[in-house]
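Take a look at the structure below.
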Amino acid sequence: MLKQQLTLLTLAGALALAPAARAQTTEKLDAAALAKIREEGLNRSQVMATAFYLTDVCGPRLANSDGLKRANEWTKSQLTKFGLTGASIEPWGDFGRGWDIEKSYVAMTAPYYHTLIGAPKAWTPGTAGALRKPVVYVKATSEAELEPFKGQLRDKIVVLPVPAPLKPSFEPDAKRYSDEELKKLAEAPAKPAAPAAGTPTDAERLATRKAQAALRTRMAEFFQTEGAAAVLSNRGGTDGTFNTSNGAPYAADAKPVLPELEMSTEDQLRLIRLVEAGVPVEVELETKTRFQNQDLKGYNVVAEIPGTDKKLKNEVVMLGGHLDSWHAATGATDNAAGCAVMMEAVRILQASGLKPRRTIRIALWGEEEQGLHGSRGYVKNHFADPATMVLLPAHEKLSAYFNLDNGGGKIRGIYAQGNEAAAPIFTQWLAPFADLGATTVTLRNTGSTDHIAFDAVGLPGFQFIQDGLDYGSRTHHTNQDTYDRLVPEDLKQASVVVASFVYNAAMRDQKLPRKALPAAVKPQ
């Protein structure tokens, strides 16, 4: 009892210290409810158990794969066990083929034997048995530079260049935000400063990417026409870490491609050095992959805590993160961590016996990695199509959507996404958690994850600021994105902060303020 009283006093004091500069109105926060959330989330947490099931038990969760289906079924069942209602696996629309790895092996067998680090690129075929073939190094920056390789590739394994040379690193992999960095983020305007002279424009970067993609497509066609047996490629990474992606489209009618593996940079560079020195190199590999063409739809997992206020229960506060991942690891920081935190947040609210006035709805998105498909499909089906901006009735009923998808670090604050009216509210909501390191509200926008689907149709969608840890340096879309990269205390803290934000939004007399409706944007 004494501990609870001290916690209440701490919360009350923190609320009193909320920065006045942004606080246009005083938020009515329930200190007793926030204390319950803290107690449950910090002392009886289940977040790591949830993360374990999503990663080690369900495995990799590539879009429309068996692993994602396992995760969909498990999360639906688990949310029901937590006491949520209406848990369902809801289709958002058509996606494409599923794909799973059943076997993968690669090694250098000449000039000596050495096991290599690599994995098949997503949506590439298997090798139809083991291959042991000589290696050819193909370096080409234009279609014309492919000409010398005509007639040289049949029954060979093609090795492609690495994107950049390796350099020693004297910085730690994992980092947290410094106080100075958070201060700069809090003071930053909604729109970043104009880029320096000579910096490529968005249009120029897009044109460069399109040209690079066109060359990669032409190279893949060339290798296949020339009769190559397989391809070894690299997208960067150090110390045995390699980045992963798809090597073919997931569309049901996609053209066939060669088997292709993504390799660790060190192993790829060794093969290249040997070939360039004139040493005959032989590689043995076998991959067995399986396509799923029966169900081409994508799915989200959705469940609710029903609201209790007669006037407000039809309004909704949403929270979520994407459940799918890439395939070379188990997608721990991207984004089992975010999903585990969001599931833990609703579990905390249920276990604490709190009765939200508005309905709270959790959504675990599918197919985010291929272009936010799950959240965009959900928003289009339920709220509005950004291409027309014709609003559906539920658009008016949504108070806010909160997202978590920037790794496994603790929450340090929130991006207000240019919503100047929401910023002072968030400042007050964060005040009770200053002792846990969550203090910063920035007007800056942040992109590339599922809150963007909501923001695109004028709905309040927000992403939390997280400590990066080794997300950008080691785990994001790599073979190192495993359960072992998660920090239990960080995920506990994040769960408590999210649960409080969602509860506060559900209890306000008014929905969260909105920005002006955007104009319709036709898809490119």
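Values for this structure:
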read-out	value
Convex hull volume of the chain per residue (C-alpha atoms, cubic angstrom)	164 Å³
Among Ala363, Leu404, Ala213 - extreme Cα towards positive end, dipole of the chain, charges at beta-carbon	Ala363
Set of lysines near Lys210 by C-alpha distance (under 30 Å), chain-local residues within fewer than 8 positions excluded	Lys121, Lys139, Lys150, Lys156, Lys167, Lys191, Lys255, Lys297, Lys380, Lys522
Under the Karplus curve 6.51 cos²θ - 1.76 cosθ + 1.60, θ = phi - 60°, whole-Hz ³J(HN,Hα) for region 31-46, x wherever Gly or Pro sits	4, 5, 5, 5, 5, 4, 4, 4, 4, 5, x, 8, 10, 10, 5, 10
Region 49-125: C-alpha gyration tensor shape, a/c 1.5 cut-off, then a/b vs b/c	oblate
Gain on full stretching of the segment that runs from Ala252 to Ala213 - 0.36 nm per residue minus C-alpha separation	12.0 nm
Efficiency of FRET from Cβ geometry, Tyr113 and Asn381, R₀ 60 Å, rounded to 0.05	0.65
Order of Met263, Met48 under a 10 Å beta carbon neighbour criterion, fewest first	Met48, Met263
The chain, helix-only ellipticity at 222 nm - DSSP H runs n ≥ 4, -39,500 (n - 2.57), divided by all residues, nearest 500	-9000 deg cm²/dmol
Student exercise, the chain dipole from Lys, Arg, Asp, Glu Cβ charges, in Debye to nearest 20	1180 debye
Mean-position separation - Cα centroids, region 268-329 and region 430-505, in angstrom	19 Å
Ascending count of other beta-carbon atoms within 10 Å, so fewest first, for Met507, Met389	Met389, Met507
Within-13-Å neighbourhood charge of Ser88 [Cβ basis; K, R +1; D, E -1]	-1
Diffusion coefficient, µm² s⁻¹, Stokes-Einstein with Kirkwood Rh over alpha-carbon pairs of region 98-292 at 4 °C and 1.567 mPa s	68 µm²/s
Formal net charge of residues neighbouring Ile272 (Cβ-Cβ distance under 13 Å; K, R +1; D, E -1)	0
Rounded to the nearest 20 debye, dipole of region 98-292 from Cβ charges on Lys, Arg, Asp, Glu	240 debye
Fewest-first ranking of Lys492, Lys81, using other Cβ atoms within 10 Å as the exposure measure	Lys81, Lys492
Length-normalised contact order for the chain - Cα pairs under 8 Å, 6+ apart - percent	24 percent
Among Tyr378, Val502, Thr127 the positive-end extreme of the charge dipole of the chain (Cβ point charges)	Val502
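Readers should treat all values here as calculations from the given coordinates under stated rules, not as data from a laboratory. Here the structure is a predicted model, which is why all the values come from computation and not from measurement. Glycine also receives a Cβ, built like all others from the backbone with ideal geometry; neighbour counts cover every protein chain displayed.
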